[in-house]
Each structure stands twice: as structure tokens, then as C-alpha cells.
Amino acid sequence: MNRQQGFSLIEIVLTIALIGLIAGISIPVYRELQQRNDLNVGVNTIVHDLRRAQLLAQSVQGDQNGNADSGKWGVHIGSDTITLFKGASFGQRDTSFDEASSVPVSVKSTCGTDIVFEKFSGLPLSSGTITVTSHNNETHAITISPKGTIKY
């Protein structure tokens, strides 16, 4: 008897088809999980920067000569970049304190592009909602109350 060892053509074709089927199912699931993770990362980055600006304003970090505006801290919201800044507004900021973070999502704000927190109290000068949208159009809202509470 002459036995040949190895894989037959049908075994190879079935194995390749099975691998293709598994990849075809898992890739869309992975992309959805990645986009949801991008949304969560974006929301957490924005909330972290908002709370940090509020804390720095309360601690009067970087206050100089008792200037009323020098103890204010804020967050500037761009379409895909969040910048923590020191000053009464993004246009009048001290650029040496800037900390920019890029976010993998789209960001829109009803409370303006600058959210500034008052010196000592940490109360925001403007309140409203920041809407964060992922690339697959999932949204998440971050609400800043007039009392300074940040909910997400």
C-alpha cells in the first residue's frame, strides 16, 4: 500500500473559508468596540480637563500679584482638540500654561468654546452641555451646571 501524507485540497479550502468567516464576523464587532472606546476616551479626557481647570482655579494655581484674572483657569473646546489654559479667556491666556489634548471624537458645546472657572470658588462663568459624538454617530452629553457640577 502506498499512503500519501498531507492535507487534501478540500481540507485547505474549508480551513481558509472558516478563517475568512471568523474574520468577516469579528472585524465589524472590533470596529464598533473601538469607536465606543474612542467615545469613552474622549468623554473622560474632556471631563478630566474640566475638573482639573476647576481645581486649579480653586487652588489659585499660578496666581500673580493678586490680579483678578490670573487665578482663572479654563478649557477651550476645539472640534477635536481640548486645551487647558490659564486666564480669563482663550484669547487672553498665558500660553506657557497650555496643555492640549487631542480627542478621537467630534465635540460640540452649547456653553461656548471656552469654559472658564472663577478664582477661589471654581464656579463656571458659563454653564451648558458639551456633546461628544463618535465617528459612528453615537453621542454622549457632559453637563456643566451653574454651581460647577460636571455630570456625564
How big is the dipole moment of the stretch 1-142 about its Cα centre under a simple scheme where the beta carbon of each Lys and Arg is +1, that of each Asp and Glu is -1, and everything else is neutral? Debye, nearest 20, please. 260
Projecting each Cα onto the charge dipole of the stretch 9-151 (Lys/Arg +1, Asp/Glu -1 at the beta carbon, about the Cα centre), which of Gln34, Thr15, Gly112 comes out farthest on the positive side? Gly112
Whole-Å semi-axes of the ellipsoid equivalent to the chain (Cα gyration tensor, √5λ, descending): 52, 15, 11
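May I ask you to compute the full-extension gain from His135 to Asp80, defined as 0.36 nm times their residue separation minus their alpha-carbon distance, rounded to one decimal in nm?
Values: separation 55, 0.36 × 55 = 19.80 nm, distance 1.17 nm.
Difference between extended and current length: 18.6 nm.
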Full-extension gain between Phe7 and Lys147, please, as 0.36 nm times their residue separation minus the C-alpha to C-alpha distance. 43.3 nm
For the Cα atoms of the chain, what angle does the longest principal axis make with the long axis of helix 9-58, in degrees from 0 to 90, nearest 10? 10
For the charge dipole of the stretch 9-151, defined by +1 on Lys and Arg C-beta atoms and -1 on Asp and Glu C-beta atoms about the Cα centroid, which residue among Thr95, Ile142, Leu123 has the Cα displaced farthest towards the positive pole? Leu123
Would you kindly state how much longer the chain becomes between Thr110 and His48 on full extension, computed as 0.36 nm times their sequence separation minus their alpha carbon distance, in nm to one decimal? 20.5 nm
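What order, most packed first, do the peptides 141-150, 74-83 have when packing is the mean number of other Cβ atoms within 10 Å of each residue? Don't skip to the end; give the middle numbers.
Working: 141-150: 15.0, 74-83: 19.2.
With the highest mean Cβ count within 10 Å placed first, the list reads 74-83, 141-150.
Report D for the stretch 62-152 in µm² per second (integer): Stokes-Einstein, Kirkwood Rh on Cα pairs, 25 °C, 0.890 mPa s.
179
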Sequence-separation-based contact order of the chain, relative, with Cα cut under 8 Å and 6+ spacing, percent: 21
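Bear in mind that the values in this text are calculations on the coordinates, not laboratory data. Here the structure is a predicted model, which is why all the values come from computation and not from measurement. Methodologically, a virtual Cβ is constructed for each residue, glycine included, from the backbone with ideal geometry; neighbour enumeration extends over all protein chains shown.
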